[in-house]
């Protein structure tokens, strides 16, 4: 179940409530039989018992803050593919109908504001604590804001230009593709929310 946290520049941020992890599907575009997997290793015997079954996964939905590693062979061996975002067609990665074991991981964060250089929470990352940062460097493609904090992003250095504020009131906020909200971050402010 999902609920809308807020709308920023026309983009809805969603909070997953209840179950969290990944869902695998028998067919591309999230169709056919499916199974949800939580954090941990899921080996051949478990995958074979659950739908869609061994060597039968064609698409994957990954909840924000999670990563799935698909393995071609049992016992977490053989070729592998790590995904941190929804993937409607594993054929594009040469991974269609190949999975015999898989592992689901929570992407580690340390409670601070974190940004990744690439969409999907991958690539070089950096973390910051509460404060003002007048000259940001690096690409802000994906971001994490812990519950109880807010971040204001500015398009210009020294807190100038267009600004967008993102609040994490009741839960952590994960934004997989920040460029869909703002195209450039040159400075930012991180604050602890006050009641």
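The values are calculated or read from the model by the stated rules, or taken from the named source; none is laboratory data. Computed from a prediction, not measured in an experiment: that's the story for all the values here. Don't worry about glycine lacking a Cβ; one is built from the backbone with ideal geometry, like all the others, and counts go over all protein chains shown.
For the stretch 58-81, what are the residues that are assigned to a loop (DSSP other than H, G, I, E, B) and more than 20 Å from the chain's Cα centre (by Cα)? It would help to see each step written out before you state the result.
Kept after step one, since they are assigned to a loop (DSSP other than H, G, I, E, B), are these residues of the stretch 58-81: 58, 63-65, 74-76.
Selection gives 74, 75, 76.
Against the condition touching a helix residue (DSSP H, G or I) at 6+ places or on another chain (Cβ under 6 Å) and crowded, with 16+ Cβ neighbours inside 10 Å, how does residue 143 come out, does it pass?
Spelling it out, residue 143 is indeed touching a helix residue (DSSP H, G or I) at 6+ places or on another chain (Cβ under 6 Å) and crowded, with 16+ Cβ neighbours inside 10 Å.
For (1) farther than 30 Å from residue 25 by Cβ; (2) within 19 Å of the chain's Cα centre (by Cα); (3) touching a residue at least 24 places away in the same chain (Cβ under 8 Å), each residue gets a yes or a no:
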{"position": "87", "(1), (2), (3)": "no, yes, yes"}
{"position": "131", "(1), (2), (3)": "yes, no, yes"}
{"position": "150", "(1), (2), (3)": "yes, yes, yes"}
{"position": "156", "(1), (2), (3)": "yes, no, yes"}
{"position": "162", "(1), (2), (3)": "yes, no, no"}
{"position": "167", "(1), (2), (3)": "yes, yes, yes"}
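Determine whether the stretch 93-106 contains at least one residue that is assigned to a helix (DSSP H, G or I) and assigned by TED's automatic domain parsing to the domain that holds residue 75. Full working, then the answer.
Initial filter on the stretch 93-106 (assigned to a helix (DSSP H, G or I)): 93.
Going one step further and asking which of them are assigned by TED's automatic domain parsing to the domain that holds residue 75, we end up with 93.
There is at least one residue in the stretch 93-106 that is assigned to a helix (DSSP H, G or I) and assigned by TED's automatic domain parsing to the domain that holds residue 75.
Looking only at the stretch 5-35, count every residue that is modelled with pLDDT under 50, in a loop (DSSP other than H, G, I, E, B) and closer than 21 Å to residue 170 by Cβ and tell me the total. Steps first, answer last, please.
Applying the first criterion (modelled with pLDDT under 50) to the stretch 5-35 yields 5-18.
Applying the additional criterion that residues be in a loop (DSSP other than H, G, I, E, B) yields 9-10, 17-18.
Add one more test, that the residue is closer than 21 Å to residue 170 by Cβ, and what stays is 9, 17-18.
Selection size over the stretch 5-35: 3.
Identify the single condition in (1) part of a loop (DSSP other than H, G, I, E, B); (2) in contact with a strand residue (DSSP E or B) (Cβ under 8 Å, 6 or more places away or on another chain) that residue 137 does not satisfy, given that it satisfies every other one.
(2)
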